[in-house]
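Heads up, the thing below is written out as structure tokens.
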Amino acid sequence: MTEPTSTAPEPTVATIASLSQHEGQTVTLRGWLYNIRSSGKLLFPTFRDGTGTIQGIVPKAAVSEEVFETLKNLQLESSLTVTGKVRADSRAPSGYELDVENIHVISAVSPNEPFPITLKEHGVDFLMEHRHLWLRTPRQSAILRVRATIMRAASEYFDTNGFIRTDPPILTPNACEGTSELFEMDYFDDGKAYLTQSGQLYIEATALALGKVYSFGPTFRAEKSKTRRHLTEFWMIEPEVAHLELDGLLELAENFISHIVMRVLEQHRADLKVIGRDVSKLETIKAPFPRVSYDEAHAMLEDAFAKGLIENRHKEGDDFGSPDETYISSQFDRPVMIHRYPAAIKAFYMQPDPADPTKALCVDVLAPEGYGEIIGGSQRVDSYDLLKQRIDDHNLPLAAFQWYLDLRKYGSVPHAGFGMGIERAVAWICGLDHVRETIPFARTLNRIYP
Ligand code: 4AD
Ligand code: MG
């Protein structure tokens, strides 16, 4: 029989985000050395653990010689456990500091090959080339935490409002949005397959089976656009509802967005601060949102052009350019819903407005502050004959759309839906200049590494 040993109990393992529950206690954190400063007999290491960062204080006299020397010589991003006492400090960004008692290095970074990302400014190309390591910095980690909440809140909104999640295929036999933007591959003996641009056509089928559905998954566009809003791979969440018309769709969109922003404000004040987001701009985001028709938006742009507020005149009938969208959205403190675009510039499946069939019963939701379109949606053509006509007019292969036409043959009803790109929503909610920071590994026209 062995004698019971009488060592002190092991300190609780805690996360940095939970330190408010451990004030005055000695805890062990598992993380990485994010930064370190020294001033003679004092070390000020900053640790990160994925939930946040905290500064430690290490007076030479308070720890063993070995701990002091090890920490002093440790390279940034070495992994370690740290034991210390949690002390409230109103000057600290997190509200707490750690009086370090002991450390245990798990894996030391070699001084010959230090962590490539330093606290000085790096160029965007360098950072994207090192995206696998850039993710560790507090701002990038904060963005990914907010992204996760946006995705969760988006699903939660539909899950708690009677929608059934139905996942459309990613490999598809034909285009949904536009044929020029497809990633193509060989598919056995059947010829070509394409990566999906949108699950919409498939969830129209599941909506007619289940009533209210949504899909949430990756979508792909081989667009040669090199803008701050375009990715070639992005995540889209799409609701589709049987018996829903355009007015109901607008209500769904504004309630959905308001819910997501509410959740982010509720759970991510600290992260938004790290990111540098002005949260007062988010606090106004509550339904109802302004509704502006395409024609009204065009008139606003004419007026702005006459007053010299915008440089280029908007041509009636054309889609809005980025500067047009920025001007329109700058007139409102919440997202603006532009409806009834000319049918000629929109997708083949959109229902014409009975009051003016040259317009489509569709909506683009433009985020405030110049972030542009975050949602695109519409009521769908529900007449068999009209849909068949549209497929012909757009020179689409009828055979490939036979199943889609069936939905109009067997118990067709008015139905509507929209798609929101997660990365566009993250860029707006976090106030980011470019969508490349909104997703762990962005896929763009000229980058597919790492
Ligand atoms: O407006 P889009 O093309 O609409 C559709 O795909 C419809 N079938 C959706 C539907 O009605 N169910 O795309 C929807 C949204 C855009 O508003 C934007 O937020 C995002 O998807 N999006 C992109 N995000 C990042 N990079 C791109 N290249 C994007 N293209 C569209
Ligand atoms: Mg669109």
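The strands (runs of 3 or more DSSP E) falling completely within region 171-257 that include 2 or more residues that are within 16 Å of G421 (Cα to Cα) and of a type in the set (A, V, I, L, M, F, W, C) map to 212-220, 233-242. When the strands (runs of 3 or more DSSP E) confined to region 353-450 are screened for residues that are aromatic (F, W, Y), those reaching at least 1 such residues are found at 415-421. Entry remark, region 333-390: residues being more than 13 Å from G417 (Cβ to Cβ), among the hydroxyl-bearing types (S, T, Y) and within 15 Å of ligand 1 (Cβ to nearest atom) number 2 in total. Within region 230-267, if we keep just the residues that are over 20 Å from A153 (Cα atoms) and under 20 Å from the mean Cα position of the chain (by Cα), the residue that is nearest to ligand 2 (Cβ to nearest atom) turns out to be H230. Looking across region 189-221, the residues that are within 13 Å of ligand 1 (Cβ to nearest atom) and either touching a Lys or Arg at 6+ places or on another chain (Cβ under 6 Å) or among the acidic types (D, E) (or both) come down to Q197, E204, Y214.
Applying the selection to region 394-422, what residues are open to solvent by 40 Å² or more (accessible area, probe 1.4 Å), modelled with pLDDT under 95 and more than 16 Å from ligand 1 (Cβ to nearest atom)? Those that are open to solvent by 40 Å² or more (accessible area, probe 1.4 Å), modelled with pLDDT under 95 and more than 16 Å from ligand 1 (Cβ to nearest atom): N395, P397, L398, A399.
Kindly indicate the residue of region 286-302 that is over 17 Å from V363 (Cβ atoms), open to solvent by less than 70 Å² (accessible area, probe 1.4 Å) and not small (G, A, S) and also nearest to the chain's Cα centre (by Cα) among those meeting that condition. Here the residue is L301.
One residue stands out among those in region 356-393 that are hydroxyl-bearing (S, T, Y) and within 16 Å of ligand 2 (Cβ to nearest atom): the one that is least open to solvent (accessible area, probe 1.4 Å), which is S378.
Any idea which residue in region 163-176 is most open to solvent (accessible area, probe 1.4 Å), counting only those that are within 23 Å of K224 (Cβ to Cβ) and out of contact with any Ser or Thr (no Cβ under 6 Å at 6 or more places or on another chain)? For region 163-176, the residue satisfying everything is L171. For region 327-349, the condition holds for at least one residue, the condition being that it is under 30 Å from D190 (Cα atoms) and either hydrophobic (A, V, I, L, M, F, W, C) or more than 15 Å from ligand 2 (Cβ to nearest atom) (or both). The set of residues in region 315-327 being open to solvent by less than 70 Å² (accessible area, probe 1.4 Å), under 21 Å from P290 (Cα atoms) and in contact (Cβ under 8 Å) with a residue 12 or more places away in the chain consists of F320, S322, D324, E325, T326, Y327. Please work out if E156 is within 16 Å of ligand 2 (Cβ to nearest atom), assigned by TED's automatic domain parsing to the domain that holds G421 and open to solvent by less than 70 Å² (accessible area, probe 1.4 Å). Criteria not met by E156.
The values are calculated or read from the model by the stated rules, or taken from the named source; none is laboratory data. If you're wondering where the values come from, they're calculated on a predicted model, not measured in any experiment. Cβ sites come from the backbone with ideal geometry, for glycine too, and all protein chains shown count toward neighbours. Ligands, DNA and RNA are excluded from the accessible area calculation, which covers all protein heavy atoms including side chains. Shrake-Rupley method; radii C 1.70, N 1.55, O 1.52, S 1.80 Å.
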